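Encoded as C-alpha cells, the structure appears first; notes follow it.
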Amino acid sequence: QVQLVESGGGLVQAGGSLRLSCAASGRTFSMYGMAWFRQAPGKEREFAAGISGSGGSTYYADSVKGRFTISRDNAKNTVYLQMNSLKLEDTAVYYCAARFGNFVLGGRSYDYWGQGTQVTVSS
C-alpha cells in the first residue's frame, strides 16, 4: 500500500512559479513510476508529467513542456513538480499518482492517488 500526500499548491500570478511536492509512504518508492495529473473545472483529468522509478526518464504533456519540471528524491520518498511561467490555463487541482513499474500516460493505470492540491493562477 502506498499513500501519497501532495503539498505546495496555492494562488500565484500569471508568469509566476510554484513547486508541488508529493510525499509517499512505503519502502519501495524507487520501484514506482510517478506522475502528475491535473483536472481543471469542467474538464477531464489530464496527464501533465511522468518520471521513472530511477528518475532517469521523464515525459511531459505538450501543454507544459518547457515550463514544468518533474523530479524525484528517492531517499526522501518524494516527487516534485516545478512549475514556471504559469498561465491562467494551468489553474487546476493537481494530483500525484503512482504505479508499480514505469510511468504511463493513462490515468486508469495508476494504483495510488493523492488527495490533490489546488493551483490557481490569476491575471
Any residue on another chain or 5+ positions along whose placed amide H is under 5 Å from the amide H of TYR112 is listed here as ALA98
Calc'd 3J(HN,Hα), the range 95-100, phi into Karplus 6.51 cos²θ - 1.76 cosθ + 1.60 (θ = phi - 60°), Hz, glycine/Pro = x, comes to 10, 9, 9, 9, 9, 5
The extension gain from LYS76 to ASP111, computed as 0.36 nm times the residue separation minus the Cα-Cα distance, is 10.5 nm
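Counting Lys and Arg as +1 and Asp and Glu as -1, what is the net charge of the other residues whose Cβ lies under 13 Å from the Cβ of LEU4? Each step should come with its number before you reach the end.
Numbers: positive: ARG72, ARG99; negative: GLU6, ASP111.
It works out to a net charge of 0.
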For LYS43, the aspartates and glutamates lying under 16 Å Cα to Cα, once residues fewer than eight places off in the same chain are dropped, come out as GLU89, ASP90
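In percent, how large is the relative contact order of the range 37-123, given Cα pairs closer than 8 Å and 6 or more residues apart?
The value is 29 percent.
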Under the Karplus relation with 6.51, -1.76 and 1.60 and θ = phi - 60°, whole-Hz ³J(HN,Hα) for the range 31-48, x at Gly and Pro, equal 8, 10, x, 10, 8, 10, 10, 9, 9, 8, x, x, 10, 6, 5, 9, 5, 10
Per the rule of 0.36 nm per residue minus the C-alpha distance, extending GLN1 to SER122 adds in nm 39.9 nm
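Just to verify a number: FRET efficiency for SER85 and THR28, C-beta to C-beta distance, R0 = 41 Å, to 0.05?
On the way: r = 35 Å, r/R0 = 0.85.
E between SER85 and THR28, to the nearest 0.05, is 0.75.
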Once all protein chains are kept in place, VAL119 shows an accessible area at probe 1.4 Å, nearest 10 Å², of 0 Å²
Pseudo-spin-label distance SER17 to GLU46, built 7 Å along Cα→Cβ, given in nm, is 2.4 nm
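The values are calculated or read from the model by the stated rules, or taken from the named source; none is laboratory data. Please read these numbers as outputs of a predicted model, since none were measured by experiment. When we count neighbours, we look across all protein chains shown, and the Cβ atoms used for this are built from the backbone with ideal geometry, even at glycine. Only protein heavy atoms, including side chains, enter the accessible area calculation; ligands, DNA and RNA are left aside. Shrake-Rupley method; radii C 1.70, N 1.55, O 1.52, S 1.80 Å.
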